Every structure is written in structure tokens, then in C-alpha cells.
Amino acid sequence: MDLKILHGDLIDAPTLDALRVREGWYLICEDGFIKAVCPTLPEEYRACGVEELGRAVVIPAFSDLHIHVSQYAQRGIGMDKLLSDWLSNYTFPQEARFEHAEYAAAMYERALQSLLRHGSFHAVMFTTIHKAACDWLFERCRALGMQALVGKVNMDAAAPDYLREDTAVSLRETEAFVAEHTGDPLVRPILTPRFAPTSTQALMAGLGKIAQQYEVGVQTHLVESVWEAQQAKKCFPDCACDTEIYERYGLLGHGPAIFAHVIFPEERDLALLRQYGATAVHCPEATTNIIAGIMPVRRLLQREGVALALGSDIGSSSSPAIYRQIAWAVQLSKQRSFYYEGGDQTLAFPEAFHLATAAGGRVFDRVGVLEPGYRFNALVLDGLEDAEFPLGAAARLERFCYCGDDRNITARYLNGKALDAFC
Ligand code: GUN
Ligand code: FE
């Protein structure tokens with residue numbers, strides 16, 4: 001049996017309203033899972049080795065619910081553009097490179113190493129239209145022990161020739177991708193029409209059939225900008241709102257439904273998101289960069305059943321560091337609240353931390369909190385206080401999210417094993 005005992009300050013956020021801080025507790029892990037969390041070491045473990053963590057903080061590893069792993073190469077570039085121009089001038093030419101297997105493998109490897117380095121062990125991934133590269137990514141996530149939903153992107157409209165798929169080919173390759181990769185509960189395929197403006201009705205109808213036949217979920221970008229919402233209505237005139245497109249074509253109710261951005265939802269969007277238990281993903285930095293919109297987080301949180309989580313949305317943001325998005329989420333909630341809503345609707349730090357851990361973790365297998373029965377997927381954070389000015393554990397965690405970086409993550413445990421090699 002593989003036994004590990006850590007003694008230190010444990011923090012997680014099983015509910016939205018508060019951090020759970022357990023200073024100087026013991027975390028006992030057996031064979032990759034948390035066995036017990038307790039204030040004193042039980043008798044039967046007294047003879048076992050204990051890792052003393054001193055002033056370090058132990059937290060659950062993060063979940064990134066919206067990342068374009070293919071866009072890792074273009075982070076920080078074209079950030080003064082808005083969505084449509086950014087896609088045409090930066091993103092589409094970059095994504096075209098994934099046709100080449102060697103390039104794709106090298107870039108995906110960099111992106112995955114960066115995710116791990118920054119403590120996101122579970123992610124919902126956008127790729128490109130290229131199936132072979134997606135196959136490679138899928139197997140690499142499995143080999144690394146990560147948890148992921150991986151989607152081969154579909155685009156059969158409003159895209160340049162070099163990236164626009166033939167509808168039948170797109171559907172055939174997607175079905176093959178799904179069929180070839182079913183069965184692993186930890187790395188799963190997910191249908192990924194890029195967004196409504198790059199999809200024909202025939203594509204959505206075909207994807208709906210695949211969803212039903214293989215019981216597979218869907219991810220896309222939803223009401224992310226005024227332009228996108230208008231285009232969606234133009235392309236799908238018989239659907240009353242963006243979300244209704246995915247319902248009408250049978251894409252909802254067959255697995256996780258993950259919608260990035262949700263900045264301009266109508267009442268009908270929210271009703272459908274609630275009805276299907278969909279997750280809306282807040283990507284605060286990315287939307288500031290290329291959309292100039294802020295998700296109405298408080299409004300969504302108040303709708304019971306509209307689950308929320310955080311995403312980095314690389315490459316519209318600067319880094320896969322989801323802890324930075326926690327800080328961004330709090331900062332932007334102040335802007336939205338005071339500039340647009342005229343009242344205090346701000347997000348508290350524990351709420352944002354909850355979104356990046358326990359809430360995002362719900363689409364994966366037993367991750368996101370430090371509780372018996374959950375996987376021991378966790379991070380150790382250190383170097384977060386000045387000797388002259390010691391801080392409580394919660395303050396050290398908040399400082400990490402605002403001021404820290406991957407050098408403050410001094411240990412990473414994935415399925416109970418310490419990760420130590422990074423490029
Ligand atoms: N909408 C359609 N494609 C994209 C993309 O690649 N990134 C973002 N943020 N929004 C999109
Ligand atoms: Fe995105």
C-alpha cells in the first residue's frame with residue numbers, strides 16, 4: 001500500500017460561502033485517495049512517517065473548465081483586437097499549424113506541462129479541427145494521469161478555406177474520435193462545435209445524433225459577445241436564443257454541457273442552462289482582452305442549477321494559471337458591480353476559490369476538495385509570507401492567487417504521486 005501523511009495547514013472550499021481552513025491538521029492518503037483528514041494523528045499511524053509542511057498551505061488541485069490547448073503558442077499576442085479580428089488574424093492561422101503532427105505534439109506537450117506546473121490537473125480542452133493531433137493529446141492526457149474532457153473542434157462555416165471542414169468529413173471524424181476514445185472514465189471525448197457562427201444547421205444536426213448515440217456531452221462558446229449572439233440568431237433563425245440551438249439539435253442532456261463566457265444571457269438561456277444542469281464557465285481575463293464584456297456572475301450564481309466554474313481560455317488570456325483567474329474574477333466583479341449594476345454584487349475571495357476547485361471539479365471524478373474518498377490531487381504552496389509579518393493560512397492562499405506564481409507551488413500530488421519533472 002502506498003501511504004502518505006502530510007501535516008500542515010489545509011484549505012478547501014466545499015461550499016460557495018466560505019473557505020474551510022484546518023490549520024495544523026493531518027491529511028492521510030492511501031493508494032492515491034484521501035483516507036482521513038484529522039486534527040490529531042490516529043493511533044494506528046503513529047509509527048508512520050509524516051511530512052511536516054511548516055508554514056505551507058495544502059489545497060486541492062485546480063480545474064480549468066475552458067482552455068484552448070492549441071492556443072498556448074499565441075498567449076499574449078493580438079490582445080488589442082476584438083474577437084472576430086483576433087480569430088481571423090491570429091487564431092485561425094495558428095490553429096492551422098496543428099495539421100502537422102510533430103508541431104501539434106510539441107505544442108500540446110508544452111501546454112500540458114504548463115497546466116501541470118500551474119496546478120491545473122483537470123481541464124476541459126478545446127483543440128483544433130485536426131483529429132490526428134486530438135488523438136495524440138487524448139493519449140498524452142491519459143499517460144500523464146490528468147483528467148480531461150477533450151474535444152475535436154468542428155467548423156464548417158464562416159472560417160477561412162484552410163480551416164473550414166466539409167460537413168460530412170467533420171461529422172465522420174468526430175464520430176470516429178468519440179468511438180475510438182470511449183471507456184476511460186478520466187479522459188473523455190466531448191463534442192466541440194466552436195460556436196454557432198462557424199456551424200451549419202447540418203453540422204449541429206449531425207452532432208446531435210452523435211451525442212445521442214454515444215451519450216457524449218458538448219462544449220462551446222455561448223453568448224460571448226453582442227456580435228456572436230447576433231450571428232447565432234442569423235445562422236439559426238428558428239432558435240429563440242443561443243442555448244436553444246444546442247437543445248433544438250439534441251446536444252443537451254447526454255453528458256456534461258460546458259458553456260464558456262455566457263456574458264449576455266437572455267432569460268431563456270438561463271432557463272435552459274438550469275434545466276440541463278449545464279456549467280457556465282467564467283474566463284475573466286480572456287473576456288477582458290478580446291470581448292470587453294464581464295460575465296454577470298452574481299446573477300448566474302443566484303439561479304439555482306446554473307453551475308459555474310472558472311476557465312483560463314488560453315490563448316485569450318496570458319497564462320494557464322487558474323489561481324490568477326481567481327483574482328481576476330474578484331477584480332472584475334467589482335467593475336461590473338459598480339459600473340454597470342450600481343450596487344454591491346462583488347464576488348468574495350472564497351467564492352472565486354470555490355469555483356476554481358470544488359465547483360469545477362464536479363465534472364471530473366472525485367476531485368476539488370480535501371475529503372476522505374476524494375483523489376489526492378493537491379498542491380503545496382509555500383514562501384507566501386515575510387518572516388517579520390506572519391499571515392494566517394487563508395491570507396497566505398489569497399496572496400498566492402494575487403502575487404504568487406508556479407515557484408510557490410513547492411509540491412504537486414496527482415493521484416497520490418508527487419510530480420517533479422517539468423520543462
Ligand atoms: N469564440 C470562438 N472561438 C473562440 C476562441 O478561440 N476563443 C474565444 N475566447 N472565443 C471564441
Ligand atoms: Fe474560448
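The values are calculated or read from the model by the stated rules, or taken from the named source; none is laboratory data. Nothing here was measured: the structure is a model prediction, and the numbers come from that model. Neighbour counts run over all protein chains shown; Cβ positions are idealised from the backbone, glycine included. Each accessible area value is taken on the protein alone, full model and side chains, heavy atoms only, with ligands, DNA and RNA left out. Shrake-Rupley method; radii C 1.70, N 1.55, O 1.52, S 1.80 Å.
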| request: Assess whether residue 307 counts as being touching a strand residue (DSSP E or B) at 6+ places or on another chain (Cβ under 9 Å), more than 21 Å from residue 114 (Cα to Cα), in contact (Cβ under 8 Å) with a residue 40 or more places away in the chain and open to solvent by 20 Å² or more (accessible area, probe 1.4 Å). | output: yes
| remark: Flagged in the stretch 376-423 as basic (Lys, Arg) and closer than 20 Å to residue 110 by Cα, in numbering order, are 407, 412
| message | I'm told residue 280 meets every condition in (1) under 18 Å from residue 218 (Cα atoms); (2) open to solvent by 10 Å² or more (accessible area, probe 1.4 Å) except one. Can you identify the failing condition by its number? | response | (2)
| field | Residue satisfying all of: in the stretch 332-364; open to solvent by less than 40 Å² (accessible area, probe 1.4 Å) and in a loop (DSSP other than H, G, I, E, B); farthest from residue 401 (Cα to Cα) among these | value | 343
| request: Check whether at least one residue in the stretch 99-116 is within 16 Å of ligand 2 (Cβ to nearest atom) and open to solvent by 60 Å² or more (accessible area, probe 1.4 Å), and report yes or no. | output: no
| said: Kindly evaluate residue 87 against the criterion of being at pLDDT 95 or above and over 24 Å from residue 162 (Cα atoms). | reply: no
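Listed here are the residues, each with its yes/no results for (1) within 23 Å of residue 412 (Cβ to Cβ); (2) of a type in the set (Gly, Ala, Ser); (3) at pLDDT 95 or above.
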site: 316; (1), (2), (3): no, yes, yes
site: 322; (1), (2), (3): yes, no, yes
site: 328; (1), (2), (3): yes, no, yes
site: 337; (1), (2), (3): no, yes, no
site: 358; (1), (2), (3): yes, yes, yes
site: 378; (1), (2), (3): yes, yes, yes
| Is it the case that some residue within the stretch 148-167 is touching a Gly at 6+ places or on another chain (Cβ under 9 Å) and open to solvent by 20 Å² or more (accessible area, probe 1.4 Å)? | yes
| task | Kindly list the number of the only condition in (1) more than 19 Å from residue 287 (Cα to Cα); (2) free of Cβ contacts under 8 Å to residues at least 24 places away in the same chain that fails for residue 339. | result | (1)
| field | the stretch 28-47, subset assigned to a strand (DSSP E or B) and either among the aromatic types (Phe, Trp, Tyr) or under 20 Å from residue 411 (Cβ atoms) (or both), residue most open to solvent (accessible area, probe 1.4 Å) | value | 35
| task | Pull up the stretch 287-329, narrow it to residues that are hydrophobic (A, V, I, L, M, F, W, C) and over 17 Å from the mean Cα position of the chain (by Cα), then point me to the one that is nearest to residue 108 (Cα to Cα). | result | 290
| task | Being open to solvent by less than 60 Å² (accessible area, probe 1.4 Å) and in contact (Cβ under 8 Å) with a residue 40 or more places away in the chain narrows it down to one of 320, 390, so name that one. | result | 320
| query | How about the stretch 253-331: which helices (runs of 4 or more DSSP H) wholly inside it have at least 2 residues that are more than 16 Å from residue 79 (Cβ to Cβ) and away from ligand 2 (no atom under 13 Å from the Cβ)? | reply | 267-275, 297-302
| message | From the list 58, 69, 50, exactly one residue is open to solvent by 20 Å² or more (accessible area, probe 1.4 Å) and of a type in the set (A, V, I, L, M, F, W, C). Which is it? | response | 50
| query | Only one of 240, 211, 179 is without any contact (Cβ under 8 Å) to a residue 60 or more places away in the chain, away from ligand 1 (no atom under 16 Å from the Cβ) and not in a helix (DSSP H, G or I); which? | reply | 240
| message | When you scan the stretch 119-130, do you find a residue that is touching an Asp or Glu at 6+ places or on another chain (Cβ under 7 Å), at negative phi and away from ligand 2 (no atom under 16 Å from the Cβ), even just one? | response | yes
| query | Mind checking which residues of the stretch 166-213 are over 30 Å from residue 225 (Cβ atoms) and hydroxyl-bearing (Ser, Thr, Tyr)? | reply | 182
